[in-house]
Amino acid sequence: MQKLEIRNPRKDWVISELSSLISEWEEWKEEVAQIEDYPYDHNVQSSVFADGEENMVKHSIMQMKTITFLDNNISGHWFINGRDRECCDRTDLRLNIRVKHRLQDLHEIAASLSYALLADSYWMQKGKEMIDKIADKSPEVALEIVAGYLKNPMNIEPKV
């Protein structure tokens, strides 16, 4: 199993954007709950066609948008594929079940992000921020900032 890692140095943006995507999925869940069965041929087509082709297309677009975001910003995510990478998107299920599964994945990923690894690019960005903070300071103030940073790398604000 691959470890969860935030690849983008803008961790707060990644978390915020993921939250926005989850909200969009929550809205989609509400829409899907209101779908009345579309006409379809029971003898030829699967019951998933009762959700309507345009709804299935919208669902696929939301999935691809979400996968693209996750692939670009978070490695080791298990969206659609599961943590063991052996799950798949069950296209034979109605949208209300599929959306429920996607939301479960997204909520689990979001809850796990505070424990995710941070890519080297994140730490390089934090190092640059620290250097920018001490560049024009006196040696004493710069040492205090660096000491504070070493105690708590997430907070590089000077305590002077």
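The values are calculated or read from the model by the stated rules, or taken from the named source; none is laboratory data. Keep in mind that this is a model prediction, so the values were computed, not measured. Virtual Cβ from ideal backbone geometry, glycine too; neighbours counted across all protein chains shown. These area figures cover heavy atoms from the full protein model, side chains too; ligands, DNA and RNA do not enter into them. Shrake-Rupley method; radii C 1.70, N 1.55, O 1.52, S 1.80 Å.
Some observations on this one:
- When the test is whether a residue is of a type in the set (S, T, N, Q), closer than 13 Å to Glu5 by Cα, exposed (fewer than 13 other Cβ atoms within 10 Å of the Cβ) and free of Cβ contacts under 8 Å to residues at least 24 places away in the same chain, Ser114 passes it.
- Yes/no for Ala135 being at pLDDT 70 or above, surrounded by fewer than 10 Cβ atoms within 10 Å (Cβ to Cβ), of a type outside the set (Val, Ile, Thr) and closer than 30 Å to Val32 by Cα: no
- Within the range 1-37, considering residues that are assigned to a loop (DSSP other than H, G, I, E, B) and open to solvent by 80 Å² or more (accessible area, probe 1.4 Å), the one modelled with the lowest pLDDT: Met1
- Qualifying residue in the range 125-146 (condition: closer than 30 Å to Phe79 by Cα and out of contact with any Gly (no Cβ under 9 Å at 6 or more places or on another chain)): yes
- Sole exception among (1) open to solvent by 40 Å² or more (accessible area, probe 1.4 Å); (2) modelled with pLDDT of 85 or more for Leu103, by number: (1)
- Residue within the range 47-65 that is outside any helix (DSSP H, G or I) and modelled with pLDDT of 80 or more present: yes
- Per the conditions (1) at pLDDT below 90; (2) open to solvent by less than 10 Å² (accessible area, probe 1.4 Å), the sole criterion not satisfied by Arg85 is (2).
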